[in-house]
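Novice: One structure, as structure tokens, below. Some questions next.
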Amino acid sequence: MHTSESRRRALSYGCVLGGIAVAGLAAPIWVAAHGLSRVEISAFFLFYLLSSVGQGIGLHRYFSHRSFETSKAGRRLLAILAIMSMQGPIIAWVADHRRHHAHTDRCGDPHSPHADASCRPLTGWRGLWHAQLGWLFDGSFTDPDVYASDIVNDRFLRTLDQTRLLWYAASILALPALYGLALGGVEHVLGTVLIAGALRAFVFSQSILALNSIGHTRGGQRFAQANTSRNNALVALFTLGEGWHNNHHRFPRSAHVGVAWYEIDPLGGIVRMFEIFGLVWNVRRIPPHLLAERQADPIVSGPDGGRAPNTRRARGRAAEPA
Ligand SMILES: [Zn+2]
Ligand SMILES: [Zn+2]
């Protein structure tokens with residue numbers, strides 16, 4: 001069963017990512033021929049924002065880490081935005097992500113740049129490739145009964161997962177086409193589909209996957225931990241805050257990942273806005289006293305040649321629950 005599941009995953013991701021990449025590459029050709037108008041540009045940013053809310057707030061901070069609570073309607077809306085962000089089935093994504101937190105950079109991490117599915121060490125470009133895309137096709141499988149037992153039998157999520165290709169079509173084709181038609185007329189439909197559908201989905205998906213590769217190899221480490229997670233401003237820019245990945249690994253249940261004033265976390269700001277309007281509640285934050293303690297931890301040089309965690313000290317502390 002695991003083998004067929006992993007084959008199905010590889011085929012599904014291959015078709016979706018390959019299709020998005022080909023269509024996304026057609027967008028610049030269309031722009032060169034037709035130019036860009038405010039319709040295509042505004043559509044790109046609007047659908048990029050909706051994907052970010054679905055993935056960063058829905059899939060990640062809500063379904064994976066339970067960083068806040070919301071109503072049944074809020075949960076369903078986040079689930080719809082999550083499936084339309086085209087990161088694969090919701091339940092499988094949550095299971096993979098929780099396994100990543102449980103085994104970060106060690107044997108069992110589904111997408112580490114430092115170890116593959118057979119626990120062989122990885123370095124350099126091979127590691128980056130595995131963490132970015134290779135892991136989707138390595139035949140591994142995360143058991144949702146183990147890592148996502150709280151949602152594995154959620155009928156609404158299961159229905160979305162089973163019908164995900166329809167939601168992908170709405171995200172990449174139907175809704176951008178409607179936007180182009182409504183705001184610009186029929187001559188803007190193809191351009192909006194290519195730019196706000198395909199190109200947006202391509203840039204967004206690769207940015208999220210960069211959290212696995214660049215987010216564990218390039219950037220600063222505010223907190224010493226038994227993993228190589230990094231804070232990377234460029235990844236944070238493209239993921240609307242998710243790139244403060246070292247902060248996130250230290251406090252995975254916090255709905256806000258920015259610690260310093262310059263660690264701008266737009267998705268955390270949106271959660272705060274939802275909270276002010278009463279749409280979400282019991283929002284988890286980093287306790288200030290814990291933050292002060294943990295920032296005082298030293299960071300030592302590691303075997304990867306960069307700044308690596310002080311493993312002994314980090315293991316000696318109680319880990320933040322995922
Ligand atoms: Zn990570
Ligand atoms: Zn996480």
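Novice: For the range 123-135, indicate whether the set of residues that are more than 21 Å from SER229 (Cβ to Cβ) and either assigned to a loop (DSSP other than H, G, I, E, B) or not charged (D, E, K, R) (or both) is non-empty.
Specialist: No.
Novice: Here is a list of conditions, (1) away from ligand 2 (no atom under 14 Å from the Cβ); (2) closer than 22 Å to SER52 by Cα, and HIS216 meets all of them except one; can you say which number that is?
Specialist: Unmet for HIS216, out of (1) away from ligand 2 (no atom under 14 Å from the Cβ); (2) closer than 22 Å to SER52 by Cα: (1).
This table checks each residue for (1) away from ligand 1 (no atom under 12 Å from the Cβ); (2) out of contact with any Gly (no Cβ under 8 Å at 6 or more places or on another chain).
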| position | (1), (2) |
| --- | --- |
| THR217 | no, no |
| SER229 | no, no |
| ARG250 | no, yes |
| ALA255 | yes, no |
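Novice: Go over the candidates ALA201, ALA210 one by one and state the one that is part of a helix (DSSP H, G or I), within 30 Å of GLY35 (Cβ to Cβ) and within 16 Å of ligand 1 (Cβ to nearest atom).
Specialist: Answer to the selection: ALA210.
Novice: Among the listed residues LEU36, LEU46, LEU77, identify the single one that is away from ligand 1 (no atom under 16 Å from the Cβ), touching a residue at least 60 places away in the same chain (Cβ under 8 Å), part of a helix (DSSP H, G or I) and surrounded by fewer than 18 Cβ atoms within 10 Å (Cβ to Cβ).
Specialist: LEU46
Novice: In this structure, is VAL16 more than 16 Å from ligand 2 (Cβ to nearest atom) and in a helix (DSSP H, G or I)?
Specialist: yes
Novice: Within the range 66-73, is even one residue in contact with an Asp or Glu (Cβ under 7 Å, 6 or more places away or on another chain) and either closer than 21 Å to ILE270 by Cα or without any contact (Cβ under 8 Å) to a residue 12 or more places away in the chain (or both)?
Specialist: no
Novice: Okay, moving on. Go through (1) under 26 Å from ARG7 (Cβ atoms); (2) away from ligand 2 (no atom under 16 Å from the Cβ) one by one and return the number of the condition ALA148 breaks.
Specialist: Among (1) under 26 Å from ARG7 (Cβ atoms); (2) away from ligand 2 (no atom under 16 Å from the Cβ), the lone unmet condition for ALA148 is (2).
Novice: Within the range 252-263, does at least one residue satisfy the condition of being in contact with a helix residue (DSSP H, G or I) (Cβ under 8 Å, 6 or more places away or on another chain), away from ligand 2 (no atom under 14 Å from the Cβ), in a loop (DSSP other than H, G, I, E, B) and within 21 Å of SER213 (Cα to Cα)?
Specialist: yes
Novice: Starting from the range 283-294, take each residue that is modelled with pLDDT of 75 or more and list its partners that are basic (Lys, Arg), counting only C-beta distances under 7 angstrom and pairs at least six apart or across chains.
Specialist: Hits for this filter: ARG284/ARG253.
Novice: Let me ask you something else. I'd like to verify a number: residues in the range 89-112 that are outside any helix (DSSP H, G or I), surrounded by fewer than 24 Cβ atoms within 10 Å (Cβ to Cβ) and within 11 Å of ligand 1 (Cβ to nearest atom), how many?
Specialist: Total meeting the criteria: 4.
Novice: Residue check, ALA210 against (1) over 27 Å from PHE47 (Cα atoms); (2) away from ligand 2 (no atom under 14 Å from the Cβ), all met but one. Which one?
Specialist: All conditions are met except number (1).
The values are calculated or read from the model by the stated rules, or taken from the named source; none is laboratory data. Note that the structure is a prediction, hence the values are computed from the model and not measured. All Cβ positions, glycine included, derive from the backbone under ideal geometry; neighbour counts span all protein chains shown.
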